[in-house]
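Rule-based calculations on the coordinates, nothing more; no lab input. Just so we're clear, the structure is a prediction, and the values are computed from it rather than from any experiment. As a convention, Cβ positions derive from the backbone with ideal geometry for all residues, glycine included, and neighbour counts pool all protein chains shown.
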Amino acid sequence: MNPARGSLLGIEHLEAAEILRLLKFARRMNPDKPRPLLKGKRVLLLFYEASTRTRSSFEIAAKSMGAHTVLIQSAGSSIEKGESLLDTGYTVRAVGADIIVIRHPNAGAPHVMAQHIDVPVINAGDGLHEHPSQALLDAYTILRNKKSFKGLQVAIVGDIFHSRVARSACHLLSKFGVKIILCGPPELAPDIATTLAPGIRVTRHIEDALHGTDVVMLLRVQKERLSGLKIDLSEYIARYQMNQTRLKMAKKDAIVMHPGPIIRGLELTSEVADGAQARILEEVHNGVPMRMAILARAMGKMR
Ligand code: NCD
């Protein structure tokens, strides 16, 4: 079965025009001025992995459009009893789900769900693969601050290898000709990442990545993800941590982004996280209108 219309499984195969339509519609969405576009609909939030921002903003987005939401997390549900992904999907469909939002540790899980279940499926992060709603809210945040993608340079610094956020961001930004520079040690920013999309360059030197950059996108460096890799965190801090001195190497009006959760003292200093150039909480805030647009599109209401 083809995925239901309105599904959002990834950015890679989404057309630039559709991305722009979503970004434009999100500008009209405001959770403080509810619009009943999803009145009476049921949005199932199926979370097989921890989440704070993504889950809460999908929930707030759905509710502010008049939908009911049901949260199913692996702990405390039949998932814990060993029920398969598809059986859980058939079950939530049978109880009357109109939209399924799913986060899963395995790449492709939302795609499998979408091939078997006749309701729109939204990927809220699948393994190391994609995180389309995050890429859209990041693009939305960039456009709110920089007006257009034209001539922009974005530096992505940190654990790119383990980041679905980075993968989706690269797919999205490269569709609009943004110059992307990935920066980190070879274990975290492998050279092969340049094949992800056109216009991507990798550097090991933070000053090289920051020079002429409009947007500094930092990624989480999570200890648990690094087992088996030769990464010395104190060396990472010495070479890549974003501090105020380094940030000065970027353009004067550069903004600092991070999908969260942030680890102060590792990926960035508190001075940068709380500084005037940080847009980290703005990203979280923008997640709500962006996800309102994604949910409206899922129900064919993005008009
Ligand atoms: C990210 C994720 O889960 O992929 N966070 C998020 O959704 N805002 C980033 C991460 O966990 O590294």
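What to note about this one:
- Per-bin percent of Cα-Cα distances, the stretch 133-283 [10 Å]: 12, 48, 36, 5, 0
- The chain: calculated mean residue ellipticity at 222 nm from DSSP helix runs of at least 4, using -39500 (n - 2.57): -10500 deg cm²/dmol
- Here the chain is treated as a Stokes sphere of Kirkwood radius computed over C-alpha pairs; at 10 °C and 1.306 mPa s its diffusion coefficient rounds to 81 µm²/s.
- Highest to lowest packing among 76-86, 241-251, scored as the average C-beta count within 10 Å: 241-251, 76-86
- Label positions at Ser234 and Met1, each projected 7 Å from the Cα along the C-beta direction, are separated by 5.6 nm.
- Computed extension gain for Arg35 through Ala16, at 0.36 nm per residue and net of the alpha carbon distance, reaches 4.2 nm.
- For the chain, relative contact order (Cα pairs under 8 Å, six or more residues apart, normalised by length) works out to 22 percent.
- Residues Asp32, Asp214, arranged from fewest to most other Cβ atoms within 10 angstrom of their Cβ, appear as Asp32, Asp214.
- Within the chain, DSSP assigns beta bridges of which about 5% are antiparallel (rounded to the nearest 5).
- Acute angle (nearest 10 degrees) that the helix 280-298 long axis makes with the longest principal axis of the chain, alpha-carbon atoms: 30 degrees
- Karplus-derived HN-Hα couplings along the stretch 266-278 (A = 6.51, B = -1.76, C = 1.60, θ = phi - 60°), whole Hz, x at Gly and Pro: 10, 6, 8, 8, 4, 4, 6, 4, 9, x, 5, 8, 6
- Estimated vicinal HN-Hα couplings, Hz - the stretch 60-66 in sequence order (Karplus 6.51, -1.76, 1.60; Gly, Pro = x): 5, 4, 4, 5, 6, 9, x
- Remark: Leu218, Leu137 ranked as Leu218, Leu137, counting other beta-carbon atoms within 10 Å and listing the fewest first.
- Sequence-distant aspartates and glutamates (8 or more away, or on other chains) whose Cα lies within less than 18 Å of Lys63: Asp32, Asp98
- For Ile156, residues with placed amide H under 5 Å, excluding near neighbours: Ile181, Leu182, Cys183, Met217
- Under-5 Å amide H pairs with Ser7, H placed in peptide plane, nonlocal only: Val121
- Report note on the peptides 197-209, 275-287: ranked by the mean count of other C-beta atoms within 10 Å, highest first, their order is 275-287, 197-209.
- Estimated vicinal HN-Hα couplings, Hz - the stretch 13-20 in sequence order (Karplus 6.51, -1.76, 1.60; Gly, Pro = x): 9, 8, 6, 4, 5, 5, 4, 5
- Long-range amide H partners of Ala278 with built H, under 5 Å: Val256
- Taken as Cα centroids, the stretch 40-61 and the stretch 190-252 sit 30 Å apart, rounded to the nearest whole angstrom.
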